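S.K.: One structure coming up, written as structure tokens, with questions to follow.
The values are calculated or read from the model by the stated rules, or taken from the named source; none is laboratory data. What you see is a predicted model, and the numbers here were worked out from it, not measured in a lab. Note that each Cβ is placed from the backbone with ideal geometry, even for glycine, and that neighbours are counted across all protein chains shown.
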Amino acid sequence: MPLFICIDFQGSNLYISEVQLIIVMENILKNKSIIGRLEKVDLPDFGLNDVIAKIDTGAYNGAIHTNHVKEKEVDGKSVIEFSLLDEDHPEFKEDTFQVDDFEKKLVKNSTGDSEMRYVVPTVIILKGQEIKVKLSLSNRKNLKHPILLGRKIIRKHFIVDVSKKFTK
């Protein structure tokens, strides 16, 4: 006798066979790697490698710890200038970055309050995959990890296993 599984789908009971469930799961897992709640990422645009990122499916987008963010005008263009990480971080470089490709967005912070932040497009490399992202520039000094990656960044590429860290 075939095994049927009952799934609550949008308020209705959906019965599928074990074989159908396996097919659905295979489609979900196709082309997706499993990552843990913490992973090391590279940010080639900023010359950063093996920086620990917190993977947070409760967060929508991503953020990176920045210092001394200021907007100014250079050659008639608005640019933002900032430094990344803190002096005590092993990947800290005394570099100041300047970008003219940015936007200002209202972002909800970890306490649920809205704040205006600069958001910059960049690339991260996670588990060998190069992913175009938009990271908000945020003071994460009091937080444990300098980079946060939310569900918008990871949903098309990865499945998160919260029991794991630094997957191979």
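S.K.: Cβ-Cβ distance below 7 Å, separation of 6 or more or different chains: which pairs start in segment 98-119 with a residue that is in the same structural domain as Glu81 (by TED's automatic domain parsing) and end on one that is at pLDDT 95 or above and in a loop (DSSP other than H, G, I, E, B)?
M.R.: From residues that are in the same structural domain as Glu81 (by TED's automatic domain parsing), the pairs are Tyr118/Phe102; Val119/Phe102.
Every residue, every condition in (1) among the basic types (Lys, Arg); (2) surrounded by 12 or more Cβ atoms within 10 Å (Cβ to Cβ); (3) modelled with pLDDT of 95 or more, yes or no:
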| residue | (1), (2), (3) |
| --- | --- |
| Glu73 | no, no, no |
| Glu91 | no, yes, no |
| Phe102 | no, yes, yes |
| Thr111 | no, no, no |
| Glu115 | no, yes, no |
| Thr122 | no, yes, yes |
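S.K.: Kindly check whether there is at least one residue in segment 41-53 that is within 12 Å of Phe158 (Cβ to Cβ), among the small types (Gly, Ala, Ser), surrounded by 13 or more Cβ atoms within 10 Å (Cβ to Cβ) and under 12 Å from the mean Cα position of the chain (by Cα).
M.R.: Among the residues of segment 41-53, at least one is within 12 Å of Phe158 (Cβ to Cβ), among the small types (Gly, Ala, Ser), surrounded by 13 or more Cβ atoms within 10 Å (Cβ to Cβ) and under 12 Å from the mean Cα position of the chain (by Cα), which makes the answer yes.
S.K.: Another question about this same structure. Working only within segment 120-137, note down all residues that are assigned to a strand (DSSP E or B) and free of Cβ contacts under 8 Å to residues at least 12 places away in the same chain.
M.R.: If the condition is that a residue be assigned to a strand (DSSP E or B) and free of Cβ contacts under 8 Å to residues at least 12 places away in the same chain, then Glu130, Lys132 are the ones that fit.
S.K.: So, one more: So Asp86 clears everything in (1) outside any strand (DSSP E or B); (2) at pLDDT below 95; (3) farther than 19 Å from Asn142 by Cβ except one condition, right? Which one?
M.R.: It is condition (3) that Asp86 fails.
S.K.: Now for a different question. Among (1) assigned to a loop (DSSP other than H, G, I, E, B); (2) surrounded by fewer than 16 Cβ atoms within 10 Å (Cβ to Cβ), there is one condition Ala59 misses while meeting the rest; what is its number?
M.R.: With respect to (1) assigned to a loop (DSSP other than H, G, I, E, B); (2) surrounded by fewer than 16 Cβ atoms within 10 Å (Cβ to Cβ), Ala59 is out only on (2).
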